[in-house]
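**Q** I'd like to ask some things about the structure below.
The values are calculated or read from the model by the stated rules, or taken from the named source; none is laboratory data. Small disclaimer: the values here were computed from a predicted structure and weren't measured. Quick reminder, even Gly has a Cβ in these numbers, built from the backbone with ideal geometry, and neighbours come from all protein chains shown.
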Amino acid sequence: MTDSSTKNQKPNSIHVPVGRLGRTKGLKGWLRLQLFNPESDVLDHCVHYRLETQDQKDFQANLKKHKPEKDHHMVLWEDFENVDVARTLTGAVVSVLREDLPALSKGQYYHVDLIGSEVFDLEKNRLGKLVQILSTASNDVWSIVDGKQELLIPDLPGVVVSVDVQSKTIVIDPPVYVDEV
């Protein structure tokens with residue numbers, strides 16, 4: 001366990017939140033981890049994590065073991081291998097360095113790369129900024145906000161026309177909803 005305030009990191013390092021720790025289980029320090037993206041395999045690719053506790057303390061921690069459960073994962077961190085020490089991490093946000101995330105196939109994007117993108121329709125009308133991505137059982141839903149107006153758009157082929165991560169712009173063909181007809 002290393003307090004991150006004493007650890008030298010690259011100035012441009014971006015930590016990407018991947019989940020939140022829940023309750024402990026057993027006496028050996030196992031904690032429940034709810035991944036923000038349930039389909040993520042980040043636990044198979046990363047060893048080094050940042051843990052930000054609810055009282056704003058940051059720790060660098062190494063994942064010792066993990067195992068999938070029905071709707072969450074169980075994780076065991078090095079240096080947190082007893083229930084009393086592990087309990088201090090309950091509620092902590094788990095993050096990884098952006099450069100430690102595995103490469104994606106063409107047409108796949110990390111949420112962190114899309115958040116903040118300007119969204120336009122086919123006629124180049126600005127619809128707003130992508131502020132949140134909600135994961136659902138069937139597909140992600142994008143929350144696009146312009147002022148006080150929110151537009152919820154499904155992340156589906158035919159709706160999302162193009163994504164340019166470098167310029168942070170997205171073009172969509174918004175569906176016509178029944179109440180608009």
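**Q** Restricting region 77-135 to residues that are part of a loop (DSSP other than H, G, I, E, B) and of a type in the set (A, V, I, L, M), which is nearest to Arg23 (Cα to Cα)?
**A** Our first condition is that a residue be part of a loop (DSSP other than H, G, I, E, B); within region 77-135, this holds for 78-82, 88-92, 101-110, 115-117, 121-125.
After this cut, where a residue has to be of a type in the set (A, V, I, L, M) as well, the list is 89, 92, 101, 103-104, 115, 122.
Numbers: Leu89: 9, Ala92: 10, Leu101: 26, Ala103: 31, Leu104: 31, Ile115: 29, Leu122: 46 Å.
Only one residue fits best here, namely Leu89.
**Q** Then there's this: Which residue is farthest from Gln108 (Cα to Cα), if the candidates are limited to region 123-148 and must be surrounded by 12 or more Cβ atoms within 10 Å (Cβ to Cβ) and small (Gly, Ala, Ser)?
**A** Among residues in region 123-148 that are surrounded by 12 or more Cβ atoms within 10 Å (Cβ to Cβ) and small (Gly, Ala, Ser), the one farthest from Gln108 (Cα to Cα) is Gly128.
**Q** Let me ask something else. Is there a residue in region 80-87 that is touching a His at 6+ places or on another chain (Cβ under 9 Å) and either crowded, with 17+ Cβ neighbours inside 10 Å or at pLDDT 90 or above (or both)?
**A** Filtering region 80-87 for residues touching a His at 6+ places or on another chain (Cβ under 9 Å) gives none.
Among the residues of region 80-87, not one is touching a His at 6+ places or on another chain (Cβ under 9 Å) and either crowded, with 17+ Cβ neighbours inside 10 Å or at pLDDT 90 or above (or both), which makes the answer no.
**Q** Scan region 112-156 for residues that are among the charged types (D, E, K, R) and touching an Asp or Glu at 6+ places or on another chain (Cβ under 9 Å) and jot them down. Spell out the reasoning first.
**A** From region 112-156, those among the charged types (D, E, K, R) are 113, 118, 121, 123-124, 126, 129, 140, 146, 148, 150, 155; that's our starting set.
Asp121, Arg126, Lys129, Asp140, Asp155 - these are the residues of region 112-156 that are among the charged types (D, E, K, R) and touching an Asp or Glu at 6+ places or on another chain (Cβ under 9 Å).
**Q** When you go through Leu156, Leu151 one by one, which is the residue that is in contact with a strand residue (DSSP E or B) (Cβ under 7 Å, 6 or more places away or on another chain) and surrounded by 13 or more Cβ atoms within 10 Å (Cβ to Cβ)? Quick ask: steps written out before the conclusion?
**A** Numbers: Leu156 fails: in contact with a strand residue (DSSP E or B) (Cβ under 7 Å, 6 or more places away or on another chain).
None of the other options fit; the residue is Leu151.
**Q** Report the residue count in region 95-115 for those that are more than 22 Å from Val131 (Cβ to Cβ), among the aliphatic types (A, V, I, L, M) and exposed (fewer than 15 other Cβ atoms within 10 Å of the Cβ).
**A** Number satisfying all stated conditions: 1.
**Q** Separate question: Here's a check for you: in region 28-48, which residue that is part of a strand (DSSP E or B) and modelled with pLDDT under 95 is surrounded by the most Cβ atoms within 10 Å (Cβ to Cβ)? Give the derivation first.
**A** Of region 28-48, the ones part of a strand (DSSP E or B) are 30-35, 48.
Those still in the list that are modelled with pLDDT under 95 too: 34-35, 48.
Numbers: Gln34: 13, Leu35: 19, His48: 12.
Among residues in region 28-48 that are part of a strand (DSSP E or B) and modelled with pLDDT under 95, the one surrounded by the most Cβ atoms within 10 Å (Cβ to Cβ) is Leu35.
**Q** Further, regarding this structure: Are there any pairs, at least 6 apart or on different chains, whose C-beta atoms fall under 8 Å, with the first in region 87-115 and small (Gly, Ala, Ser) and the second surrounded by fewer than 14 Cβ atoms within 10 Å (Cβ to Cβ), and if so, which?
**A** Hits for this filter: Gly91/Gln54; Ala92/Gln54.
**Q** Quick one: in region 63-79, which of the residues that are free of Cβ contacts under 8 Å to residues at least 24 places away in the same chain and either of a type in the set (A, V, I, L, M, F, W, C) or in contact with a strand residue (DSSP E or B) (Cβ under 6 Å, 6 or more places away or on another chain) (or both) is surrounded by the fewest Cβ atoms within 10 Å (Cβ to Cβ)?
**A** Filtering first and then ranking leaves Lys67.
**Q** Check region 121-129 and report whether any residue there is under 14 Å from the mean Cα position of the chain (by Cα), over 21 Å from Leu43 (Cα atoms) and at pLDDT 95 or above. Full working, then the answer.
**A** Quick first cut of region 121-129, residues under 14 Å from the mean Cα position of the chain (by Cα) only: none.
Among the residues of region 121-129, not one is under 14 Å from the mean Cα position of the chain (by Cα), over 21 Å from Leu43 (Cα atoms) and at pLDDT 95 or above, which makes the answer no.
**Q** Out of curiosity, is Val176 surrounded by fewer than 17 Cβ atoms within 10 Å (Cβ to Cβ), part of a loop (DSSP other than H, G, I, E, B), of a type in the set (Val, Ile, Thr) and at negative phi? First the steps, then the outcome.
**A** Values: surrounded by fewer than 17 Cβ atoms within 10 Å (Cβ to Cβ): yes; part of a loop (DSSP other than H, G, I, E, B): yes; of a type in the set (Val, Ile, Thr): yes; at negative phi: yes.
Judged against the criteria, Val176 is a match.
**Q** Turning to a different aspect of this structure: Which ones in region 1-16 are touching a strand residue (DSSP E or B) at 6+ places or on another chain (Cβ under 6 Å) and either within 24 Å of Asp84 (Cα to Cα) or at pLDDT 90 or above (or both)?
**A** Passing the criteria: Met1, Thr2, Ser4.
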